[in-house]
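The values are calculated or read from the model by the stated rules, or taken from the named source; none is laboratory data. The structure presented is a predicted model; accordingly, all values stated were derived computationally and were not measured. Ideal geometry is used to build each Cβ from the backbone, glycine not excepted, and the neighbour counts take in all protein chains shown. Each accessible area value is taken on the protein alone, full model and side chains, heavy atoms only, with ligands, DNA and RNA left out. Shrake-Rupley method; radii C 1.70, N 1.55, O 1.52, S 1.80 Å.
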Amino acid sequence: MKRCSAWGLAPLIAAVCGGAAHADELPAAPEARPAESWRLSLGGTYSSGRYGSTATTRVATAPLVLRYNRARFSLRVSVPFVHVTGPGSLVDTPQGSGGDASGGDDGASGGVGAEAPELDDGGSSGGTTCTPTAEEPCPPPGGDIPASNRAARNGIGDVAVTAGYGIDIGRIAVLDVAARVKLPTASRAKGIGTGKTDVTLSGTLTHEFGTASVWAGARRRLAGKVPGLVLRDVWGLSGGASLEAAPGVTLGADFDWQQSALRHRPLTELTGWTSVRLSPRLRLNAYAGAGLSSRSAGFLGGLSLAWRLD
């Protein structure tokens, strides 16, 4: 089962549709997936929001992703560079579009919702506590966030390693099971990581019919124990649909819901995406979305290019 995880922007969709007359010049997608394949992607993501606070936090990431597929097995390694401006501290590095998150070459189906950052707002509410540091002082109870806490911070984010496997459910659907390990490579002192390892276990059921597909999934994230910060293990739910609008052009939409690790209100997001095959080995992915709850990002979006290396 092929997976796709990038969200669409209206101007890009219009540009692609305007050039649909030349779609027949692209080579046809292969009928069978290669026994082995490598995919490299590079992109950029951006999100902003107040996340229940009084000040806006902006997060930009540039993830470099390498993915290996062999039959139904996949292995994915993501190394992101993160830039944060504002009072929030990242609990997990934003996943963004992933670029290569589609295992297939034509991006025809399947989807994984983008994750906006979940932020620690300084521990003023929700049962959290705050450990002050030189770079991330705690805000006074009920007071304004110190100006020093709004300074821009950047560095390598949390490296994520994900292993997945697809299981056929008769002729009805495919169940993709995966385990993701977030390695604590991001600096907690800078507010771009927790300094602890997290593990996420997930399952996604996908059904294809013609050029369309629908999917639904659930996940469980097991948070590492962070001194001075009360994090809980959380559940997440997601679902969506996609349609091959033209040869090499896929449109889709995702809905994502997740409990807050900080015992705040859940994070809820809606995104739209597009995936465009530029050549037999090159694919452009784009997405844009918004949060539907006070703890979610007000806006999130991104672009990525994925190269098939085999």
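With each label point set 7 Å from Cα along the Cα-Cβ vector, what nm distance links ALA55 and LYS225?
Output for this residue pair reads 3.2 nm.
Let me test this: with uniform point scatterers at the alpha carbons of the stretch 199-298, what is the Debye-based log₁₀ I(q)/I(0) at q = 0.19, 0.21, 0.25 1/Å?
Calculated log10 I(q)/I(0) at the listed q: -1.00, -1.11, -1.27.
Under 20 °C and 1.002 mPa s, how fast does the stretch 151-247 diffuse according to Stokes-Einstein, given a Kirkwood radius computed over C-alpha pairs? Answer in µm²/s, whole number.
135 µm²/s
Using only alpha carbon pairs under 8 Å that are at least six residues apart, calculate the relative contact order of the stretch 177-310 and give it in whole percent.
RCO, the stretch 177-310: 13 percent.
When the accessible area of the stretch 222-310 is computed with all protein chains present and a 1.4 Å probe, what percentage of it is carbon and sulfur? Can you show the working numbers first?
Values: 2410 of 3540 Å².
Summing carbon and sulfur atoms, their accessible area is 68 percent of the total for the stretch 222-310.
Compute, for TYR165, the solvent-accessible surface of its heavy atoms (probe 1.4 Å) with the complete set of protein chains present, and express it in square angstrom to the nearest 10.
120 Å²
Mind checking the full-extension length gain between HIS83 and ILE172? Use 0.36 nm per residue of separation minus the Cα-Cα distance, one decimal, nm.
Net length gain for the segment: 27.8 nm.
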